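Report on one structure; see the data block that follows.
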Amino acid sequence: MRLRSLQRGSRIGAIAFAILTYLILIGLPTRLGAPAMSVLALLAALIFWLALRGGKSKQAFANRAPAPLFLTGTTAGFVAGLLTALLTAGFAQLLMSGVNVQPYLDKIVPMNMAALYGVMPGALVAGEAPAWGWLWQMAFVTLAGVGGALLVLIERALRQRTWSVGGATRWLAILLPFILLGFVIWLGNPAVTLGGNAKGTLRLLMAMAAIGSGLFALRAARPGREQRVLALLLFVGLACLPFTLDQFQNSVMGIVFIFVMMGLGLNIVVGFAGLLDLGYVAFFAIGAYVYAFLSAPFASPAFSSLLTSLGIPAAAPLTSFWLAIPITMVAAGVGGVLLGIPVLRLRGDYLAIVTLGFGEIIRLFMLNLSDLTNGPRGMLNIAPPYLFGYSFGNPRDIFILALLGAGVIAFTAHRLDGSRLGRAWIAMREDEDVAQATGVNLVRTKLLAFAIGALFAGLAGQLYAARQMNIFPDNFTLFVSVDTLSLVIVGGMGSIPGVVLGALALKGLPEVLRGVDEYRIVAFAALLVIMMIVRPEGILPSTRRRRELHSGNEPGAEVAPEPIRIGALTQEGGKA
Amino acid sequence: MALLEAKAVTKIFGGLVAVGGVDLTVEERTIASLIGPNGAGKTTLFNCLTGLYRPEEGDILFDGASLVGLRSDQIVALGMARTYQNIRLFGSMTAIENVLVGQHVRLRSTPLGAIFQSPGTRREEQRAEQYARELLAFVGLAGKGDMVARNLPYGDQRLLEVARALGSRPRLLLLDEPAAGMNPRETDAMMALIHRLRDELGITILLIEHDMKVVMSISDRVSVLDYGKKIAEGRPAEVRSDPRVIEAYLGASVLAGHND
C-alpha cells in the first residue's frame, strides 16, 4: 500500500514537473515577477489536486483514506519540486558561468531564473545565486503537493454534505445578481476610486458576473410565480446595464452578446441535434456579407456596376438595417440547407471535416471573388442601424440590439426545445437509426437544424457587420467557429443559459484578462482541460445532458441494475 | 387479405445470404412468431420489413402496398412499428418523452406553431401527452412517466419500448425477443400484454422469440427460419412435431419437455 502511494506520487510528480517546465520555458516567471514561485506553487497545487482526486464517482472519492493520500501528495510534490529545482539550478548555473543558452531556449534569461529564486536579476549574472534558492523552490512545490492532498479532503468534505436548496443559500443565489449590479452602478460613480487603474476592468468583470449569477439565480428560484417575478426583475436589471457601462465596456458586452446569438444557433445544431458543425462561421459570414451588399453596394465593384446598369443608384444603401434582417436571415438559412443536403448521410468525424471545409470555402470565396466582395480590401462603410434618423452605431446601442437579438433567439430556441421538432432532434442525437425507425424524418429534421442554426448566425453576422462598419474575409476564419463551439461546450451543450455563460467566460473574460495578454491563451487551454475533467457537462448544463454524463451517480437516482448492454449509446458530436 | 405479405425476400451481405427467398404472411389480428437458431436471419428479416435494410430481391406488401424502397419513417407512418432485441431507447429522455417521439408521425405541429405556441399546437401537445400517459398505463408503467429511460429497471425498459412503438398507433407491431432476459414473472406479464395488444387494441403481432414456452402458448402461427430459409410454417402444434424443425432447432429434449 505504501509502495503504491509512493509510485503513484512519483508519477504525478513527473507529470507536474513537465507542466511546470513548460510554464517556465514560455517565460511565465518573468511575467509574474516577484510572486512567481508562489503562483507556480499554487498552479502545482491545482494540478496535484486534479491528479489526486482521481476517479470522479462518489464512491471512489469517499473511500480514499487521508494517510495514503497525503503520502502520495507529498511524494508528488517532492518529486516535482526536486526536479524543477534541479532544472532551474542548472539553468542558473549555466547563466552564471556565461554560457549563452538563449538561442536555444529563448525565455531562459536572468530575469526568468531570478523570478524563481526571488532575487534581483543582476545577482544571477554577477554569479551570486542565493545558496539556498533551490532548496526554497523545492520546499514550495513540496508544500503544493501537501496542499493538493488537502484540497481533495476539503472537496470530499464538501461533497458529503448535502446542501439544502432552500434557506439562506437559495436566497443568496437569488439576490447575488442584484448585489453585483448595484456594485457595478456604484463603481460607475467617478468619485469611487476602488480598484485604481483597474476600476474599469473590475466593473466589466462585475457586470459579467452579474449576468452569470442571474442565470444561476433563475435556476435557484422555485418554478412558477417566484421564477417569473425574478425573470422580470433580472430583465429590468439587464436593461439598465448598457446605460451604466462606458464605451469600452459596452463594446466588449456587444461582442459577447453577438457571440451569444451565434452560440444559441450552434447550440441547436450541435447541442440539440448532435450534428458537429465546424464550419459554422460560414453562416455568420454570409449574414455579414449580405448585409454589406445591401447596405454598402458601392463597396462591391461588380454589384455596383450591375445596379447602375439596371438604373438603380448604388451610392446609397439599398435597404435599411431592419428591412435587411429577413433578407440576410433567408440567405443564411439557404446556406444552411445547401450545406445540409450533401452532409445528410455523414456522421460524427466525417460531418465535422466536411463542415470545416465548407466554412473555409465560404471564406476563400470572400477572399478571392474580388470583383464581388472587394477581396482582402473588404467591404467598407457599412451603415449602422437607423431608426427615425437616430443612429444605433455606438457601442451602447449595439449592445442593446445584441441583447434584444439574443433574447429573441433564446426564446425561439427554448420554444423549439420543448416541441415536437426538439424531441426529434434529441432522439436523432441519441440514436439516428432508431429515431428514423420510430418515425422521425431524418432529412427534414437535419435540414431544419442546419437551417435554423444558420438563420441565427446570419442575424448575428448582420449585427456584427453593422457594428464593425468594415468587414474583411479575415474576420471569418475557422477560429470563429472554434470559439463558438468552445463556448457552447464550456457552457453546457444543449443548455440555453449555458451558452450565455460560455460566451461570458470565453469572449468576455479574455478582455478582462488583457493584463496578462498572451498568457490568457495558456490559461484558457488549461481551464478548458480542467473543466472537461471536473465538469464535462459544462458550467450550466441542461438537465438532460447532466443525465447523460452522470447517469447513476446522482443522489436520488434510481439504483437501476445496468442491463447487459443497452444498444450503442451514440454520443457523436457530444464528445468533442 | 393478409395484412403483411413478404414474397421471396432476399438479403445478401457480401457473399452471405442472410435471408434467402423467404415468404411470410401475417393475417390481420393474429399473433405470428418467427423462430430459428441464432444467426438464422430473423432480425435481418425484421430489418428488411421495417425499412432498415433494403432487400435485394422480393417484395413486401403491407395492406396491399409495397414497402420496398420506402424509408423506415415512411413505413412507420403506414402503420408498422417495432421494438429491438437489445433495447434501444432514447436513454436520456424521460419515459413520456420516449412515447412522444413514438407519436412523432401522428403529430402535425410545425416549428412556427411551436415558436408562437399556436392554440392548435398547444392542444395537440396536451392530447399527445395525455395519450402517452395512457399508453404507459396500458403497458404497466403508470406513474413512471417522468423517470429517465436509462434509469428504469430492465423489464420496464422493455415495456417502454412497446409503449414507444404503440405511440405511432401501429396496425402491425414487430417485437424482437420481447421476453429476452426477463424472469418468469415478467415473462408472464409480457405474454399477457401481447394478448391485450391484440384483443383490446386490435393490433396484429409478429414476434421473434427464443423462449419456446412463450412461442408455443401465444402464437396463432409459427414460421421457422434456418440459414436464411424458411423450413416450416404452421400452427404451433404442427411446427413442434415437424421433423425438420426438431432437427434444425428444437432438439429432442425440448420436444420431450412439451409432451408431458
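The values are calculated or read from the model by the stated rules, or taken from the named source; none is laboratory data. Remember, it's a predicted structure, so these values are computed and weren't measured experimentally. Here the Cβ is made from the backbone with ideal geometry for all residues, glycine too, and neighbour counts use every protein chain on show.
Odds and ends about this structure:
- Residues within segment A:452-477 that are among the hydrophobic types (A, V, I, L, M, F, W, C) and outside any helix (DSSP H, G or I), tallied: 3
- B:VAL139 vs. criteria of a type in the set (Val, Ile, Thr), closer than 25 Å to B:LYS213 by Cα and either buried (at least 22 other Cβ atoms within 10 Å of the Cβ) or in contact (Cβ under 8 Å) with a residue 40 or more places away in the chain (or both): yes
- Residue in segment B:44-99 that is farthest from the other protein chains (Cβ to nearest Cβ), counting only those that are part of a strand (DSSP E or B) and β-branched (Val, Ile, Thr): B:ILE60
- Within the span defined as segment B:12-20, every residue fails to be assigned by TED's automatic domain parsing to the domain that holds B:MET191, under 15 Å from the mean Cα position of the chain (by Cα) and over 28 Å from B:ILE246 (Cα atoms).
- Considering residues of segment B:30-73 that are farther than 21 Å from B:VAL214 by Cβ, in contact with a helix residue (DSSP H, G or I) (Cβ under 6 Å, 6 or more places away or on another chain) and polar (S, T, N, Q) only, the residue surrounded by the fewest Cβ atoms within 10 Å (Cβ to Cβ): B:THR50
- As a summary of the residue check, A:ARG347 satisfies the conditions (1) within 29 Å of the chain's Cα centre (by Cα); (2) modelled with pLDDT of 90 or more except for the one numbered (2).
- Cβ-Cβ contacts under 7 Å between residues 6 or more apart (or on different chains), taken from a first residue in segment A:440-461 that is at the interface with chain B (Cβ under 9 Å from one of its Cβ atoms) to a second residue that is among the hydrophobic types (A, V, I, L, M, F, W, C) and surrounded by fewer than 24 Cβ atoms within 10 Å (Cβ to Cβ), are listed as A:VAL443/A:LEU344.
- Picking from residues in segment A:111-128 that are more than 30 Å from A:LEU52 (Cβ to Cβ) and buried (at least 22 other Cβ atoms within 10 Å of the Cβ), the one that is modelled with the highest pLDDT is A:ALA114.
- Restricted to helices (runs of 4 or more DSSP H) entirely inside segment A:57-152, those with at least 3 residues that are of a type in the set (A, V, I, L, M) and touching a residue at least 24 places away in the same chain (Cβ under 8 Å) are A:66-96, A:110-117.
- Qualifying residue in segment B:196-204 (condition: within 14 Å of the chain's Cα centre (by Cα), in a helix (DSSP H, G or I), away from chain A (no Cβ under 14 Å) and more than 18 Å from B:LEU4 (Cβ to Cβ)): no
- Residue within segment A:374-388 that is assigned to a strand (DSSP E or B) and either loosely packed, with under 14 Cβ neighbours inside 10 Å or modelled with pLDDT under 90 (or both) present: yes
- Extreme residue, modelled with the highest pLDDT, among residues of segment B:219-244 that are in a helix (DSSP H, G or I) and either surrounded by 22 or more Cβ atoms within 10 Å (Cβ to Cβ) or of a type in the set (Lys, Arg) (or both): B:VAL239
- Per-region count, segment A:234-278, residues over 18 Å from the mean Cα position of the chain (by Cα) and of a type in the set (D, E, K, R): 1
- Any chance B:LEU166 is within 14 Å of another protein chain (Cβ to nearest Cβ), under 15 Å from the mean Cα position of the chain (by Cα) and either assigned to a loop (DSSP other than H, G, I, E, B) or touching a residue at least 12 places away in the same chain (Cβ under 8 Å) (or both): yes
- Residues of segment B:100-119 that turn out to be within 12 Å of another protein chain (Cβ to nearest Cβ) and part of a helix (DSSP H, G or I), as a count: 12
- Segment A:316-342, residues that are within 24 Å of A:ILE268 (Cα to Cα) and buried (at least 20 other Cβ atoms within 10 Å of the Cβ): A:ALA324, A:THR328, A:MET329, A:ALA331, A:ALA332, A:GLY333, A:GLY335, A:GLY336, A:LEU339, A:GLY340
- Scanning segment A:153-183 for residues that are under 29 Å from A:LEU238 (Cα atoms), part of a helix (DSSP H, G or I) and at pLDDT below 85 returns A:ALA168, A:THR169, A:ARG170, A:TRP171, A:LEU172, A:ALA173.
Table: residues versus (1) outside any helix (DSSP H, G or I); (2) more than 14 Å from chain B (Cβ to nearest Cβ); (3) over 24 Å from the mean Cα position of the chain (by Cα).
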| position | (1), (2), (3) |
| --- | --- |
| A:ASP397 | no, yes, yes |
| A:LEU401 | no, yes, no |
| A:LEU404 | no, yes, no |
| A:ILE409 | no, no, no |
| A:THR412 | no, no, no |
| A:GLY422 | no, no, yes |
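- With respect to being part of a helix (DSSP H, G or I), farther than 30 Å from A:ALA315 by Cβ and among the small types (Gly, Ala, Ser), A:GLY287 falls outside the description.
- Identity of the residue in segment B:176-199, free of Cβ contacts under 8 Å to residues at least 40 places away in the same chain and acidic (Asp, Glu), that ends up surrounded by the fewest Cβ atoms within 10 Å (Cβ to Cβ): B:ASP199
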